[in-house]
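One structure below.
We did not get these values from a lab; they are worked out from the coordinates using the rules stated. Fair warning: this is a prediction, and the values are worked out from it, not measured in the lab. When we count neighbours, we look across all protein chains shown, and the Cβ atoms used for this are built from the backbone with ideal geometry, even at glycine.
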Amino acid sequence: MESKIEVVGLNAGFGSTHVLKNISLSIPRNRVTAIIGPSGCGKSTFVRCLNRIHELVPGAWVRGKVLLDGKNIYDSDADPVEVRRRVGMVFQKPNPFPAMSIFDNVAYGPRIHGVKDVHRVVEESLKKAALWEEVKHRLSHSPVSLSGGQQQRLCIARALAVKPEVILFDEPCSALDPVATAKIEELVLELKENYTIVIVTHNMQQAARIADYTAFFLMGELVEFGETAEIFENPRDKRTEDYITGRFG
Amino acid sequence: MPRTPLERGMEEIRSEVIRLGGIAKQAVLMSVEALKERDMQKAARVDELEEESDILNLHIDENSLKLMALQQPVARDLRFVNAMIKISDNFERIADLAQKIAEIAKKYEERELLKPLIDIPRMASTIAEMIELDLEAIERHVSPDTEKLVEKDDLLDELYAQIYNELISFMLRDPRTIDDATDLLFVARYLERIGDIAAKTGARVVYMVEGRRVWVK
Ligand SMILES: Nc1ncnc2c1ncn2[C@@H]1O[C@H](COP(=O)(O)OP(=O)(O)O)[C@@H](O)[C@H]1O
Ligand SMILES: [Mg+2]
């Protein structure tokens, strides 16, 4: 297993709150890695440290290393804007820009990065996000008219448009119905051919269905990390077992 | 009192498997008694037990699949349900083999056995002890004493080898004994197989409880 991201001794928090405690973890290239754990254990904080958006919250701090292809994204010469381009993110609630057209939502990133052939990139990204057929005749419409699942795929297209290498998903299906959820899951499985995927989910079955590797977090610590099948059949740590079997607390 | 539908379903399956194990054990003891005593009623009773075991095994299988589909057990719960399906098959297979022994017993309604049975009943009681070890472990959800299981399984192998040698010498001395000697040889062979299955069942319980693979053979 070749790793895309190597997290070494990562600590993070907000002011005096110490959220992530000494996390070390390898995220394999072209694989889906799921992050599971109870609410408030630091899953979102963790993925936000992987593309340097955690630090955008006032008072937030990070210590430790996150090596992207071997290079620490927290080095003083690393460009956070470039890190965020290479490591894209899709959030829990679909958050398209409502005042922009569907087209402009996807074109936004490429334009900022000075991409020439924006039309082609938008079409490609919408196709990769399995949304093209559904929106190609109404690209100038507002995304507000789309269903929740379509809006989420639009956000995925928007993330893909800047040609990232890693995509972070933070509970991308929690606002979606089962059909829309199945589409996103299918899409994630397709995307891993070309991208490295990290997905935070509170849905155990979703992790079991789509992730190759699973990490279990508890109160800011990494309790267990391993192949998903192993975690769900035979976890090594009693706390993991209690959590995934719903016997927690 | 179990709390969740999953736990309730698991307890139901557990008690059915324990009942099936009891049936398998009884079938083995009964089949050897049927042979030793040339008791046709006991042989017929083994047929009934075998049929019961088939039905119960099927029921356990259906219940387990339903539980997996509806409750999606993971980790120790998943290992439990998977183990119950396998162990249930094992017990059903033991009852099948016992029935084969009963079939042989039925040939002796009107005639004497080649020799009085001593080691074969010993094999049967050893098997009964092994199945009891398995069942107690399943009941209490702990690993069985695998050393004891291996010890008993070794004893069965020894007894089988002993019986084999004894019967071969019968056949060599007097070829007219071949038919009857072969019958007893088959019985011993079936019992030796049953011992393997009982030992493997114990290993399956260890995996179910501890998630650790052990080899008993
Ligand atoms: N902006 C913030 N300021 C202060 N504390 C925060 C902030 N965001 C999250 N936290 C705290 O950090 C901890 C981890 O949060 P988070 O990473 O969102 O957990 P998860 O995604 O696993 O639910 C929680 O205790 C939460 O209250
Ligand atoms: Mg979160």
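What to note about this one:
- For region A:56-145: rounded, prolate or oblate by the Cα gyration tensor [a/c cutoff 1.5]: prolate
- When each of B:E110, A:E171 is scored by the number of other beta-carbon atoms lying within 10 Å, the sequence from fewest to most is B:E110, A:E171.
- Helical contribution to [θ] at 222 nm, DSSP H n ≥ 4, -39,500 (n - 2.57), averaged over the protein assembly as shown, rounded to 500: -19000 deg cm²/dmol
- Sorted by Cβ neighbour density within 10 Å, fewest at the top, the residues A:F46, A:F232: A:F232, A:F46
- For chain B: rounded, prolate or oblate by the Cα gyration tensor [a/c cutoff 1.5]: prolate
- Listed residue pairs exceeding 18 Å between alpha carbons, taken from A:K93/A:K183; A:K128/A:K183; A:K127/A:K183; A:K4/A:K128; A:K127/A:K192; A:K128/A:K192: A:K4/A:K128
- Relative contact order (percent, whole number), region A:65-157, Cα cutoff 8 Å, 6+ residue spacing: 34 percent
- Chain A: angle of helix A:118-128 to the longest principal axis, Cα-based, in degrees nearest 10: 50 degrees
- Annotation: amide H of A:N30 within the under-5 Å range of A:T196, A:I197, sequence separation 5 or more or interchain, hydrogens built in the peptide plane.
- Cross-link pairs beyond the 19 Å C-alpha cut-off, checked among A:K21/A:K65; B:K36/B:K148; A:K65/A:K163; B:K86/B:K200: B:K36/B:K148; A:K65/A:K163
- Distance histogram for the protein assembly as shown (every C-alpha pair counted, 20 angstrom bins, percent rounded to whole numbers): 21, 36, 23, 16, 4, 0
- Using alpha-carbon coordinates, inclination of helix A:148-160 to the longest axis of chain A, degrees: 90 degrees
- Averaging 1/r over each pair of different alpha-carbon atoms in region A:3-244 and inverting the result gives 18.3 Å, the Kirkwood hydrodynamic radius.
- Across region B:8-22, coupling constants 3J(HN,Hα) worked out from phi with the 6.51/-1.76/1.60 Karplus curve, θ = phi - 60°, read 4, x, 5, 5, 5, 5, 4, 5, 5, 5, 5, 5, 5, x, x Hz, and Gly and Pro carry x.
- Cβ-based exposure ranking for A:F103, B:F80, A:F248, in which fewest neighbours within 10 Å come first: A:F248, A:F103, B:F80
- Qualifying trypsin sites (Lys or Arg not before Pro) for region A:89-161 [loop in DSSP, other Cβ within 10 Å: at most 15]: A:K116, A:K136, A:R138
- Note: relative contact order over chain B, using C-alpha pairs below 8 Å and six or more positions apart, is 26 percent.
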